[in-house]
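Have a look at the structure below before the remarks.
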Amino acid sequence: MAAFTIRGKNVEVTPALRDYVEKRVGKITKYFENVGDISVLLSVEGKHHKVEVTAPIVRGVLLRGEERSEDMYSSIDLVIEKLERQIRKQKTKLERRFRHGGFKAEAVETFVQPTPEEDDVFPVVKTKRFALQPMDVQEAIMQMNLLNHRFFVFRNAETEEVNVVYSRNDGKYALIEVEEG
């Protein structure tokens with residue numbers, strides 16, 4: 001069984017809540033040979049109870065889901081349904097990528113009826129090319145906002161690396177830096 005890191009933000013993680021999270025979220029481990037430490041963040045924002053789950057499933061692939069409702073237990077159930085939908089939807093691609101271990105295809109077979117689109121590749125409908133301009137992070141955020149985009153790719157003037165800034169759902173900004181590995 002995978003190890004859990006369960007944190008609460010504006011909510012106390014009671015033993016009953018911890019047990020429920022481990023029981024429900026632990027279901028995703030049946031689909032994969034080795035699941036890394038599963039991180040669960042439970043938070044309350046006003047009347048919304050939000051659950052965020054992140055699980056490293058195999059070889060650098062992350063499974064992530066986030067759901068919110070007016071009840072924490074409902075949010076936990078909703079996020080598990082979402083993660084299982086992701087696994088079902090990506091079943092064929094996961095099987096191909098992990099054909100030498102890691103993915104338990106037979107676990108998904110019990111509830112998955114294959115559909116024709118599962119064998120399709122992700123369609124790329126548009127390709128954009130542009131020159132990466134060296135700029136600092138604040139300038140990149142400004143440029144993203146001027147373009148009214150949710151993310152912006154740029155060359156960081158300080159590090160000379162390609163970075164991405166993006167707008168988070170909470171209205172704040174985040175920076176993605178590439179790490180070789």
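Taken together, the values in this text are just the output of simple stated rules run on the coordinates, not laboratory data. The structure displayed is predicted, hence computed values, not measured ones. Because the Cβ atoms are built from the backbone with ideal geometry, glycine has one as well, and the counts that use them run over all protein chains shown.
What FRET efficiency would be calculated for the residue pair residue 10, residue 146, taking the C-beta separation as r and a Förster radius of 30 Å, to the nearest 0.05? E(calc), rounded to 0.05, equals 0.30. Cross-link pairs exceeding 27 Å between alpha carbons, from the set 27/172; 30/82; 27/50; 9/172; 23/82; 9/89: 27/172; 9/89. The residues packed around residue 162, meaning those with a beta-carbon under 10 Å from its beta-carbon, carry a net charge of -2 if Lys and Arg are +1 and Asp and Glu are -1. A straight line joining the Cα centroids of the range 1-30 and the range 126-181 runs 34 Å. Annotation for residue 48 and residue 132: the two label points, set 7 Å from Cα along the Cα-Cβ direction, are 3.3 nm apart. Judged by the ratio a/c of the largest to the smallest principal axis of the C-alpha gyration tensor, the range 134-177 counts as prolate, that ratio being 1.5 or greater while a/b is larger than b/c.
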